[in-house]
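Below is one structure, written out as structure tokens; the observations come after it.
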Amino acid sequence: RPRVFSGIQPTADSFHLGNYLGAVRHWVALQDTHDAYYCVVDLHAITAGHDPKTLKQRTRMAAAQLFAVGLDPEHSTLFVQSQVPEHSQLAWVLGCITGFGEASRMTQFKDKSQKQGGERASVGLFTYPILQAADILVYQANAVPVGEDQRQHLELSRDLAQRFNSLFGQTLTVPAPHIVKDTAKITDLQDPTAKMSKSSSSPAGIINLLEDPARSAKKIRSAVTDTGREIVFDTGTKPGISNLLTIYSALSGRSIDDLVAAYAGKGYGDLKKDLGEVVREFVGPIQERTRTYLDDPAQLDKLLAAGAEKARVLAGATLRTVYERVGFFPPV
Ligand code: AQP
């Protein structure tokens, strides 16, 4: 079976609908057809400053949500990045074959470092995409389910795999992006031309999986919509309504065409009210299952430890070959 790898940062208490629809939902689908490795990337989560206690709690919350939305430990491997040291070890090697200019071209670094005051941004934030490449390559993953915003980072992972192979001999699998077009970018409810984002959206722009659905419904009612009154799907001229239709369609399983036909002659208010209800029905069971996992942290930690153990078998094998090809001394 082809292998997939993907990761998510524990940088907030809850995932938002962009994380879920752009990435995590596909993780669940792929576990039936692929050899699936998924990771809560806590090493990435310290690149922009953090609170140690919150980090541990958010790591558990991320894992609980992932199990709650349908990751099944029998069908996929879920683990915490810092429990598998091979990620960092491979990242060092990859960092040594990455050009400084090449890393400087990453647009996410440019955006995020600006927010951190330019020069004061951490070196960890700068090398973030190299660690991400190591995450993927250490599992020899064939495909990586991510949202559109991660395309450039994935391109770097491919370049680094190819470069390593040409320098040291065929070792690393070159991964392909797995980006599902329909939900590749969920946008901010208050600024429908920007992506919904933990770090840059205002609270009113984000729908969180774990928030009170009444709050989500209120945010949807206040979502910025477009001029005109007709409900049509056109991301160019109607980004606000199109975003709401995308979310509605993905959560309800109804096609966009079906929704547009159903709302012909109705107003934005009707669509928003119904979408609030769709969100409520969708998140209810997820919130309940998440609570069940969080109520038993010892059991949750055990599931994650088992995941890490399984991940280390694969990661260790890749790292041993990499070390040997690079010319390091054999392990003592
Ligand atoms: N708005 C989005 N639409 C579609 N997919 C999205 N993803 C994130 N936002 C959207 C996808 O979610 C996955 C998790 O990525 P992450 O944990 O690295 O978070 P992120 O990309 O950093 O998510 P945020 O919310 O946007 O956080 P900040 O603000 O820190 O950048 C990835 O696969 C991503 O593509």
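The values are calculated or read from the model by the stated rules, or taken from the named source; none is laboratory data. Every value quoted in this text rests on a predicted model; they were computed, and no experiment measured them. We place every Cβ from the backbone using ideal geometry, glycine too, and count neighbours over all the protein chains shown.
Confirm whether Asp182 is surrounded by fewer than 18 Cβ atoms within 10 Å (Cβ to Cβ), touching a residue at least 12 places away in the same chain (Cβ under 8 Å) and either away from the ligand (no atom under 13 Å from the Cβ) or not in a loop (DSSP other than H, G, I, E, B) (or both).
Details: surrounded by fewer than 18 Cβ atoms within 10 Å (Cβ to Cβ): yes; touching a residue at least 12 places away in the same chain (Cβ under 8 Å): yes; either away from the ligand (no atom under 13 Å from the Cβ) or not in a loop (DSSP other than H, G, I, E, B) (or both): yes.
For Asp182, the condition - surrounded by fewer than 18 Cβ atoms within 10 Å (Cβ to Cβ), touching a residue at least 12 places away in the same chain (Cβ under 8 Å) and either away from the ligand (no atom under 13 Å from the Cβ) or not in a loop (DSSP other than H, G, I, E, B) (or both) - is met.
I'd like to check something: does the range 9-27 contain any residue that is of a type in the set (S, T, N, Q), part of a helix (DSSP H, G or I) and within 24 Å of Thr127 (Cβ to Cβ)? Write out each step before concluding.
Applying the first criterion (of a type in the set (S, T, N, Q)) to the range 9-27 yields 9, 11, 14, 19.
Then keep just the ones that are part of a helix (DSSP H, G or I); that gives 19.
Adding the requirement that they be within 24 Å of Thr127 (Cβ to Cβ) leaves 19.
Yes.
Does Leu71 fit the bill of being under 25 Å from Trp92 (Cβ atoms), of a type in the set (A, V, I, L, M) and more than 13 Å from the ligand (Cβ to nearest atom)? Reasoning before the result, please.
Numbers: under 25 Å from Trp92 (Cβ atoms): no; of a type in the set (A, V, I, L, M): yes; more than 13 Å from the ligand (Cβ to nearest atom): yes.
When the stated conditions are applied, Leu71 does not pass them.
When you scan the range 21-29, do you find a residue that is β-branched (Val, Ile, Thr), touching a residue at least 60 places away in the same chain (Cβ under 8 Å), closer than 27 Å to Pro203 by Cβ and near the ligand (Cβ under 8 Å from one of its atoms), even just one?
Going through the range 21-29, the residues β-branched (Val, Ile, Thr) turn out to be 24, 28.
Remaining after also requiring touching a residue at least 60 places away in the same chain (Cβ under 8 Å): none.
No - not one qualifying residue is present in the range 21-29.
Does Gln65 satisfy being touching a His at 6+ places or on another chain (Cβ under 7 Å) and within 16 Å of the ligand (Cβ to nearest atom)?
The answer is no for Gln65.
With the checklist (1) farther than 30 Å from Glu119 by Cα; (2) away from the ligand (no atom under 16 Å from the Cβ) in hand, flag the one item Lys56 doesn't pass.
Status for Lys56: all satisfied but (1).
Is it the case, given these coordinates, that Glu74 is free of Cβ contacts under 8 Å to residues at least 60 places away in the same chain and under 20 Å from Gln150 (Cβ atoms)? First the steps, then the outcome.
Working: free of Cβ contacts under 8 Å to residues at least 60 places away in the same chain: yes; under 20 Å from Gln150 (Cβ atoms): no.
When the stated conditions are applied, Glu74 does not pass them.
So Ser113 ticks every box in (1) crowded, with 21+ Cβ neighbours inside 10 Å; (2) among the small types (Gly, Ala, Ser); (3) within 14 Å of the ligand (Cβ to nearest atom) but one. Which box is left unticked?
Among (1) crowded, with 21+ Cβ neighbours inside 10 Å; (2) among the small types (Gly, Ala, Ser); (3) within 14 Å of the ligand (Cβ to nearest atom), Ser113 violates only (1).
Could you check Ile241 against (1) modelled with pLDDT under 95; (2) more than 16 Å from the ligand (Cβ to nearest atom); (3) not charged (D, E, K, R) and say which number it fails?
(1)
Can you tell me which of Leu90, Leu55 is in a helix (DSSP H, G or I), modelled with pLDDT of 95 or more and surrounded by 22 or more Cβ atoms within 10 Å (Cβ to Cβ)? Give the derivation first.
Values: Leu55 fails: surrounded by 22 or more Cβ atoms within 10 Å (Cβ to Cβ).
Leu90 is the lone residue from the list that is in a helix (DSSP H, G or I), modelled with pLDDT of 95 or more and surrounded by 22 or more Cβ atoms within 10 Å (Cβ to Cβ).
Looking at Asp13, Asp51, can you tell me which residue is out of contact with any Phe, Trp or Tyr (no Cβ under 6 Å at 6 or more places or on another chain) and over 29 Å from Pro192 (Cβ atoms)?
Details: Asp13 fails: over 29 Å from Pro192 (Cβ atoms).
Selected residue: Asp51, the only one of Asp13, Asp51 that is out of contact with any Phe, Trp or Tyr (no Cβ under 6 Å at 6 or more places or on another chain) and over 29 Å from Pro192 (Cβ atoms).
Could you tell me which numbered condition Ser202 fails, if it satisfies all but one of (1) polar (S, T, N, Q); (2) crowded, with 18+ Cβ neighbours inside 10 Å; (3) within 15 Å of the ligand (Cβ to nearest atom); (4) more than 26 Å from Trp27 (Cβ to Cβ)?
For Ser202, the failing item is (2).
Just to be sure, is Asp295 within 25 Å of the chain's Cα centre (by Cα) and either loosely packed, with under 13 Cβ neighbours inside 10 Å or within 30 Å of Asp234 (Cβ to Cβ) (or both)? First the steps, then the outcome.
On the way: within 25 Å of the chain's Cα centre (by Cα): yes; either loosely packed, with under 13 Cβ neighbours inside 10 Å or within 30 Å of Asp234 (Cβ to Cβ) (or both): yes.
When the stated conditions are applied, Asp295 passes them.
Of the residues Ile220, Ile247, which single one is under 26 Å from Ala62 (Cβ atoms), modelled with pLDDT of 95 or more, crowded, with 17+ Cβ neighbours inside 10 Å and touching a Ser or Thr at 6+ places or on another chain (Cβ under 9 Å)?
Details: Ile220 fails: touching a Ser or Thr at 6+ places or on another chain (Cβ under 9 Å).
The match here is Ile247.
Yes/no matrix, rows are residues, columns are (1) closer than 30 Å to Thr321 by Cα; (2) more than 16 Å from the ligand (Cβ to nearest atom); (3) within 17 Å of the chain's Cα centre (by Cα); (4) not in a loop (DSSP other than H, G, I, E, B):
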| position | (1), (2), (3), (4) |
| --- | --- |
| Ser166 | yes, yes, no, yes |
| Pro177 | yes, no, yes, yes |
| Lys198 | no, no, yes, no |
| Glu211 | no, no, no, no |
| Ala214 | no, yes, no, yes |
| Ile220 | no, no, no, yes |
| Asp226 | no, yes, no, no |
| Glu230 | no, yes, no, no |
| Thr246 | no, no, no, yes |
